[in-house]
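The values are calculated or read from the model by the stated rules, or taken from the named source; none is laboratory data. Keep in mind that what you see is a predicted model, and the values were worked out from it rather than measured. Here the Cβ positions follow ideal geometry from the backbone for every residue, glycine too, while neighbour counts run over all protein chains shown. When the accessible area is computed, the model is the full protein with side chains, heavy atoms only, and any ligands, DNA or RNA have been set aside. Shrake-Rupley method; radii C 1.70, N 1.55, O 1.52, S 1.80 Å.
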Amino acid sequence: MICDNLSVNEKGHLTFAGQDTVLLAEQYGTPLYLMDEDKIREHVRTYRDAMVATMPAGSMPEFASKAFSCKHIYRIMAEEGIDIDVVSPGEIYTAMQAGFPMEKAFFHGNNKTDEDLRFAIRAGVGTIVVDSEDELTALDRIAGELGVKQNILLRVAPGIDPHTHKKISTGSVDSKFGVTVLDGLAVKAAETALAAQNLVLKGFHCHIGSQIFESQPFITASEMMLDYIVQVRDKTDYLPEMLNLGGGFGVRYVESDPVIDYAEKIAEVAAALQAQCEVRGLPVPKILMEPGRSLVADAGLTLYTVGGVKEIPGYKNYIAIDGGMTDNPRYTLYESAYTLALASRANAPKDFVATVGGRCCESGDLIQENVSLPKPVRGEILAVMTTGAYNYSMASNYNRVGRPPVVMLKGGKSTVAVRRETLEDLCALDK
Ligand code: LLP
């Protein structure tokens, strides 16, 4: 199995977090997002404990909540005592509604409007990660108007390509994110930040990309960031309290993806940082990391009901399901690989090759192509694994399809964290 929270019971049903997925589909209906809360907490503790053990005091993971945002998840992060990364007033508001301590929130984004910045300051967001000179000026003005000295990090684009999908790579020189290190632009931005009356520069941030399986791209990024910090120090005497290395450790979607030991990778990054700082005569700053996917992806699974099978002799076979790109747009967007199983007969021979197509009126609405599964019949339950990151959070109402509910599984119990969208919900904004 692709993750250790999956198994098959005596009825031949797929189980997830120890619970029978076919029974859960009956109880809650399909499509259905399941989240294994125990697995989320296990990953959070792995990151937190590894960072506390190997990095300077105060080092901490931030959950990048764009991967999965709802009130329940912010409560989990509050209970586990870690920070969060938020990217919109919507995420800020959701975290506040969950009672998350907002001083532990970092507000990111390449284009925060004046209104967004005002909203964040009023919400008591602890740190704003500033993306550009324009934003520095605007935030200084707005913080002044509101009578606040706002803590900030400055986002720098270190010029690194981590060799991941181009749509999820963000740290390269030509990226839309951050101030580029080229031509001294990022040093100039640090000077602007230090001169700002109403801003307190706590340090620097970078994020190079997503779905990264090695520690080396992070080590290269820290090297480039420390070179940059030396340039800033030499010009201004400023030493950062914090260095945020961003998110991006990968997860296993399919058997061919590597198994990754996050604690080991974090220790490798910590050791490299220590050495890199020594060489440059720098104190090791507090380190922040922003995992999103690796905290929640394999804690998620989506269940669908099969509508039927279409066989086109000499061409291909289709399995039709009652969800698709509306609840999981990642194959349509990135051709992302997933592992699928027929939850109703999980031990049956996988002797039928088919493309799994969603219910939307669009040929590209596919979940996966050419997968081997037992040939299903209408009414059987199909499971797609590792859907906890960027599925619910990227879901849409295309074709006026309502979003599925999110059901949390914990210690053998299930509870609804987000209810299913109703037809009334779909018309709620219409005049
Ligand atoms: N920090 C920053 C500033 C980010 O931009 C991101 C992701 C993260 C942290 C979290 O990265 P993670 O640990 O989840 O890899 N929708 C795409 C992923 C886009 C990621 C954008 N930024 C997908 O479905 O694969």
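Things worth noting here:
- Local electrostatic count, Arg419, Cβ distance below 11 Å [Lys/Arg +1, Asp/Glu -1]: 0
- When the residues His72, His205 are ordered by accessible surface, computed with a 1.4 Å probe over the protein chains alone, the sequence from largest down reads His72, His205.
- What the pair-distance distribution of region 14-62 shows, using all Cα-Cα distances binned every 10 Å from zero, is 23, 32, 19, 18, 7 percent.
- Each Lys or Arg adds one and each Asp or Glu subtracts one; over the other residues with Cβ under 11 Å from the Cβ of Ala123, this totals -1.
- Computed from Cα atoms alone, the Kirkwood hydrodynamic radius reported for region 1-90 is 15.3 Å.
- Heavy atoms of Thr113: accessible area, 1.4 Å probe, square angstrom to 10: 60
- Eigenvalues of the alpha-carbon gyration tensor of region 170-317, scaled by 5 and square-rooted, set the equivalent ellipsoid semi-axes at 40, 18, 14 angstrom, largest first.
- Each listed q (0.09, 0.10, 0.13 Å⁻¹) maps to a log10 I(q)/I(0) for region 20-158 from the Debye sum over equal C-alpha point scatterers, namely -0.34, -0.41, -0.64.
- Accessible carbon and sulfur surface of region 302-430 relative to its total accessible area, %, 1.4 Å: 52
- Computed accessible area, Val269, all protein chains, 1.4 angstrom probe, square angstrom: 0
- Listed residues Cys427, Cys361 arranged by accessible area, highest first, probe 1.4 Å: Cys361, Cys427
- Near Thr332: Cβ cut-off under 10 Å, other residues only, Lys/Arg at +1 and Asp/Glu at -1. The net charge is -2.
- Full-extension gain in nm, Asp38 to Glu10, via 0.36 nm per residue minus C-alpha separation: 7.8 nm
- Loop-located trypsin sites (Lys or Arg not before Pro) in region 365-411 (DSSP state not H, G, I, E or B) with no more than 11 neighbouring Cβ atoms inside 10 Å: Arg378.
- When peptides 94-105, 307-318, 229-240 are sorted by average Cβ neighbour count within 10 Å, with the highest value leading, the order is 94-105, 229-240, 307-318.
- Cβ-Cβ FRET estimate between Glu133 and Tyr93, R0 fixed at 41 Å, reported to 0.05: 0.90
- Ranked order, Lys265, Lys375 - accessible area, probe 1.4 Å, largest first: Lys375, Lys265
- Taking the inverse of the mean 1/r over every pair of distinct Cα atoms in the chain gives a Kirkwood hydrodynamic radius of 22.8 Å.
- Counting only DSSP beta bridges with both residues in the chain, the antiparallel share comes to about 50 percent.
- Within the assembled protein chains, the solvent-accessible surface assigned to Ser132 is about 40 Å², based on a 1.4 Å probe.
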